[in-house]
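We did not get these values from a lab; they are worked out from the coordinates using the rules stated. Worth saying up front: this structure is predicted, and the values here are computed from it rather than measured. For neighbour counting, all protein chains shown are included, and Cβ atoms are generated from backbone atoms with ideal geometry for every residue, glycine included.
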Amino acid sequence: MASLKVGELGEFLREQRRNAQLSLRQLADAAGVSNPYLSQIERGLRKPSAEILQQLAKALRISAETLYVQAGILDEREADRDGPSVAAAILADASITEQQKQALLQIYASFRKENGHPVEPPAEAEAGRRPE
């Protein structure tokens with residue numbers, strides 16, 4: 001998987017927000033995040049969690065996988081495969097915590113590596129914390 005591209009993610013989010021003709025405040029309200037936090041994400045100062053990316057994607061009416069790829073959480077090849085990837089499914093599951101998601105992703109990566117299919121852990125798993 002790719003490394004985290006916070007600045008590029010922020011630029012992409014800003015572009016998507018403008019294409020949707022939403023103000024920063026409107027998107028923040030629709031996604032359920034604070035206006036300052038969204039501003040920091042757009043400026044590349046904050047790294048949003050997978051859950052926040054999912055909320056932003058829903059508010060922008062784009063796929064969460066698109067934002068995961070932009071954030072470097074999900075490799076573009078994984079997102080292009082038929083059907084949702086295991087990593088995308090784990091990251092999209094709102095019924096488990098961020099810590100549980102990261103634990104599952106690390107276990108999944110270790111099984112793939114053991115079977116000769118190495119996968120880099122997502123950037124969030126390496127950080128081991130939620131950026132809020």
Nitroxide proxy distance, nm - points 7 Å out along Cα→Cβ at Ala30 and Ser110: 4.1 nm
Distance histogram in 10 Å bins (all Cα pairs of region 1-73, percent per bin): 23, 63, 14, 0
